[in-house]
Amino acid sequence: MTDNLFELFRSRFPADRSRTFIEVPGGRAVSYGDLEAMSARYAHALAAAGVRPGDRVAVQVDKSAEAVVLYLACLRAGAVLLPLNTAYQAGELEYFLSDASPAAVVCQPHRLAELEGLAVAAGITACVMTLGATGDGTLPERAGGLAETFTTAPRGGDDMAAILYSSGTTGRPKGAMMSHANLGSNALTLHALWGFAPDDVLLHCLPIFHTHGLFVAINCVLLNGSAMIFCPKFDAEQAIGLLKRATVFMGVPTFYTRFLTSPNLTPEACSHMRLFISGSAPLLEETFNAFREKTGFTILERYGMTEGGMFTSNPLVGDRRAGTVGFPLPDVQLRITGEEGQVLPRGEVGIIEVKGPNIFKGYWNMPEKTKAEFTGDGFFKSGDVGVIDERGYVSIVGRAKDLIISGGYNVYPKEVEDFIDRLAGVVESAVIGMPHPDFGEAGLAVVVAEKGAALTAEGVIDALKGRLANYKVPKQAVVVAELPRNAMGKVQKNVLRDSYAEMWKASLQ
Ligand code: MLC
């Protein structure tokens, strides 16, 4: 018996393998039979490229059905998927490659030469190939003539299935190691909790290089053996049109605020739907209420993070409460702790800690960091500040770590500040999160220039573009003489947020 996650999925595929798994609007459909055959071929191609069980496969590709097949092929080959945001730039990628030393890199055709160069610079010998349809050496071409069956590599539940990188408060990205059992347990829990039924159709508009779009969404569909409508990216009008054929939608709050700006979001447009789910960033109460008023649907908000998938969910049946993320999942223990690590009673605010079969195995190559993030009794310190009310609902009320969540993406100010501080003419900088009507929060860079340096706010922003993933680039910058500090010498980001509140508000008009 193997605990390879692919075998769990396969055990739930429909008996009729001609049933649709992926439908790309205006494009092709992939059946469950296609998925089995294609993922077998891709798995053979990975093995032929030198990928062995336990090896990492770095993947930076546009969203496509083939990219999903590649995910499953990695599982089948026993490889560890390392999905990378397509927005990542050279400097970011080089770090991931040198840290994870993948045996293979799959990228977009227009970035092949760049990735080959980065692999050399990172000091790794990886097979670099593309996922494009044509051209020598693409993965689909390598896979073309290979067998449509593949013996899934045996894996234990604790063996790694994926590494997901996120930046950190130190500025150095860390790779969360997710095992087959981590992903499988969370998927089984969510699939049951959210009441997936055979005829469900998921409308999928999220990117597939992070937990939400990749594991929460796709794994539920695979366990359900049903179909998803797979849009290359989120476009509110296209998505509203497709709701008529879907039953479940998962989005970040920005998707919902963009939906609400459309006159086409009506009860009729949603009449085929049964469930709208939101996560990855706080859903504002006003968005929750406006969506209910306009459609009659109550959005189900849930909470989780890269280091374990989902931790809590509002109920499928029962009261979904605005401003809360619901109850801990049935197999997740969640507690609130105080400064001394003591467990706090309901109603008191503290750090959220979680434990369960979904919680990650630690950070790749960072045993010390891993140790610091877990308590002696095995709870993961989320870094989020929360409270549990008398009915058991969990609310997130703040963050212990310096983090901006913009349009559902996590942006660590320290990482951005490090880039800014390296620019010519910069003494130091502080990046703060400001309220943004579309992205929820967006970055503002406050930059101290060297005396006499010809540094401009626009110049700082322009210099960051192309070096940092676009969503990490602050939307605005200001150049100042100095940063406010407290008696300990720490930059007072609250003071900065207050000082620039009016300026920021005016700039958004
Ligand atoms: C794009 N931009 C962003 C941005 N996305 N800036 C800040 N924050 C973002 N999230 C940049 C663009 O590059 C562009 O820059 C400018 O902002 C305007 O872009 P746009 O065309 O309006 O953006 P769009 O392409 O429509 O993308 C917005 C979005 C996308 C909301 C659709 O960001 C998205 O799909 N977000 C989902 C994130 C996600 O899946 N998170 C899950 C993480 S998992 P310029 O310079 O070109 O003008 C996780 C765990 C959990 O957190 O619990 O789920």
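The values are calculated or read from the model by the stated rules, or taken from the named source; none is laboratory data. All of these numbers come straight from a predicted model, not from anything done at the bench. Neighbour counts run over all protein chains shown; Cβ positions are idealised from the backbone, glycine included. Remember, those area values only see protein heavy atoms, side chains included, never the ligands or the DNA or RNA. Shrake-Rupley method; radii C 1.70, N 1.55, O 1.52, S 1.80 Å.
Key figures
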| quantity | calculated |
| --- | --- |
| Cα-projected label distance for Lys244 with Ala501, points at 7 Å along beta-carbon direction, nm | 4.6 |
| Whole-Hz ³J(HN,Hα) from phi, Karplus 6.51 cos²θ - 1.76 cosθ + 1.60, for the range 88-95, glycine and proline x | 4, 9, 3, x, 5, 5, 4, 4 |
| Rounded percent of accessible protein surface that carbon and sulfur make up, the range 343-430, 1.4 Å probe | 53 |
| Antiparallel DSSP beta bridges within the range 67-202, percent to nearest 5 | 55 |
| Aspartates and glutamates whose Cα lies under 18 Å from that of Lys294, excluding same-chain neighbours fewer than 8 positions away | Glu237, Glu268, Glu285, Glu286 |
| Rounded to whole Hz, the Karplus (6.51, -1.76, 1.60) HN-Hα couplings of the range 315-331, x for glycine and proline | x, 6, 10, x, 7, 8, 9, 4, x, 10, 10, x, 9, x, 4, x, 9 |
| About the Cα centre, charge dipole magnitude for the chain (Lys/Arg +1, Asp/Glu -1 at Cβ), debye | 340 |
| Nearest-0.05 FRET efficiency for Ser18 and Ala372, computed from C-beta distance (R0 41 Å) | 0.20 |
| Packing rank of 35-41, 247-253, where each peptide gets the mean count of other beta carbons within 10 Å, highest leading | 247-253, 35-41 |
| Ala113-Arg422 FRET efficiency (beta carbon distance; Förster radius 25 Å; 0.05 resolution) | 0.50 |
| Long-range HN-HN contacts of Arg155 with modeled amide H, under 5 Å | Asp3, Asn4 |
| Estimated translational D of the range 257-299 in µm²/s (Stokes, Kirkwood radius over Cα pairs; 20 °C; 1.002 mPa s) | 199 |
| Carbon and sulfur %, accessible surface of the range 1-126 computed with the full protein complex present, 1.4 Å | 50 |
| Convex hull projection area averaged over all views, the chain, Cα basis, nm² | 24.6 |
| For peptides 340-346, 205-211, sequence by mean Cβ density within 10 Å, most packed first | 205-211, 340-346 |
| Calculated from backbone phi, Karplus (6.51, -1.76, 1.60) coupling profile of the range 224-232 in Hz, x at Gly/Pro | 8, x, 10, 9, 10, 8, 10, 8, x |
| Ala48-Glu285 pseudo-label distance in nm [points 7 Å out on the Cα-to-Cβ vector] | 6.0 |
| Two-site label geometry, Asp235 and Tyr95: point separation in nm, points 7 Å out along Cα→Cβ | 3.4 |
| Surface per residue (accessible, 1.4 Å probe) for the chain, Å² | 40 |
| Listed peptides 383-391, 426-434 by packing density, highest first (mean Cβ within 10 Å) | 426-434, 383-391 |
| Volume of the Cα convex hull of the range 94-172, divided per residue and given in Å³ | 136 |
| Distant-in-sequence amide H partners of Ala449 (H built 1.01 Å from N, under 5 Å) | Val427, Val480 |
| Restraint check, Lys361/Lys493; Lys371/Lys490; Lys414/Lys490; Lys355/Lys490; Lys63/Lys369; Lys233/Lys381, Cα-Cα greater than 22 Å | Lys361/Lys493; Lys371/Lys490; Lys355/Lys490; Lys63/Lys369; Lys233/Lys381 |
| Convex hull (Cα only) mean projected area of the range 1-140, reported in nm² to one decimal | 8.9 |
| Contour excess over end-to-end distance, with Cα ends at Glu268 and Lys490 and 0.36 nm allotted per residue | 74.6 nm |
| Carbon and sulfur %, accessible surface of the range 205-314 computed with the full protein complex present, 1.4 Å | 55 |
| DSSP beta bridge pairing in the range 404-509, given as percent antiparallel to the nearest 5 | 70 |
| DSSP-defined antiparallel bridges as percent of all bridges, the chain, nearest 5 | 60 |
| Residue among Thr324, Asn494, Phe380 farthest towards the positive dipole end of the chain, charges placed on Cβ | Thr324 |
| Approximate shape of the range 410-452 as ellipsoid semi-axes (Cα gyration tensor, √5λ), whole Å, largest first | 23, 11, 6 |
